[in-house]
Amino acid sequence: MAYADPSEAFERRSSTQVAIAHVIASPVIVKMAMLWLIMILFIAVTARWIMPYDYQQTALLSRLLPPGATGASGDFHLLGTDHLGRDLLSRLFSSIQLTMLVAVFGTFFGAVVGSCIGFVAARFRGWVDDVIMVLVDFQASMPFVIIALSVIAVMGTGNMLLFILLVGFQGWERYARISRGMTLSAVNHGYAAAIRLLGAGTFRVYLRHILPNILAALVVQVSINFPETVILETSMSFLGVGIQPPNTSLGNLLSYGRDYLLNAWWIAGVPGCAIFFTTLSMSIVGDWLRDVLDPTTSSGT
């Protein structure tokens, strides 16, 4: 029978307590940003169950109703209706769900790919490192929207998986730079070489010893890159090359509402506010995480 190590349990418990203490001691604006992100996450997970109506259901007799109005059939629309009489609150919930799905999986994919590429560059050095860094410099110098539009023009707009992977490639070069630089620093400090001399394989050295030491920097980069991924998805959907009907995203809603800004501002205003407050909240939390996880700052001590 295996027994848990009491020291490991204590270490996990103390780490949790430290994290809770940091959250409690965080500024009010950070707490508000966290609450907003928790609400967005809750909506993204439960959208199918909490939306009051079918987000595709049309009612032409109830089109362009303002927030708080009642439709021709007696249905109450908290955020109003769009140009086809569809309930805007239901469409907002569905849009948040799909936008967060693309942003979360895209950001995670970019972080994994970029970090692995950085590890490869630091491991092999030489011409492999040179080629990878040239690709990194190329990616950093080229506006990613141009690359994304070019790929979609060739591959088409109907593949959701392709779109998620394409969005995820944004910012991979940043993870590659971070993982490569910090891995080289770890090698120079000697502990990675010492572990290798003890008989550990390459995979174990990178996964069990180097990755935990650079994880804080990668988490901060994820929190910074996530709002950019949301903006990229909404921008491409706004241009009509992202999420395609009958699916809907925040960018789609914004695109539909641009033709009704004068007589039905809420169609574009509601998703616009959702995009603004979500990206702003994530940026605020990202700045706070950077201060907390960086031992060189006074906020993190």
Any residue at all in the range 244-267 that's within 16 Å of Ala33 (Cα to Cα), among the hydroxyl-bearing types (Ser, Thr, Tyr), surrounded by 19 or more Cβ atoms within 10 Å (Cβ to Cβ) and in contact (Cβ under 8 Å) with a residue 40 or more places away in the chain? no
Scanning the range 81-131 residue by residue, those among the β-branched types (Val, Ile, Thr), farther than 30 Å from Leu61 by Cα and surrounded by 19 or more Cβ atoms within 10 Å (Cβ to Cβ) turn out to be Val102, Thr107, Ile117
Are any of the residues in the range 134-145 part of a helix (DSSP H, G or I), under 21 Å from Thr234 (Cβ atoms) and either over 18 Å from the mean Cα position of the chain (by Cα) or in contact (Cβ under 8 Å) with a residue 24 or more places away in the chain (or both)? yes
Taking the options Leu161, Leu165, Leu198, name whichever one is out of contact with any Phe, Trp or Tyr (no Cβ under 8 Å at 6 or more places or on another chain), modelled with pLDDT of 80 or more and surrounded by fewer than 17 Cβ atoms within 10 Å (Cβ to Cβ). Leu161
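Do the conditions hold for Val45, that is, is it within 18 Å of Thr278 (Cβ to Cβ) and at pLDDT 75 or above?
Numbers: within 18 Å of Thr278 (Cβ to Cβ): yes; at pLDDT 75 or above: yes.
Criteria met by Val45.
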Kindly check whether there is at least one residue in the range 1-15 that is surrounded by 10 or more Cβ atoms within 10 Å (Cβ to Cβ), assigned to a helix (DSSP H, G or I), under 27 Å from the mean Cα position of the chain (by Cα) and at pLDDT 85 or above. no
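Among the residues of the range 27-70, how many are more than 30 Å from Val292 (Cβ to Cβ), in contact (Cβ under 8 Å) with a residue 40 or more places away in the chain and not in a helix (DSSP H, G or I)?
Count: 6.
The values are calculated or read from the model by the stated rules, or taken from the named source; none is laboratory data. What you see is a predicted model; the values in this text were computed from it and never measured. Please note: Cβ atoms are built from the backbone with ideal geometry, for glycine as well, and neighbour counts cover all protein chains shown.
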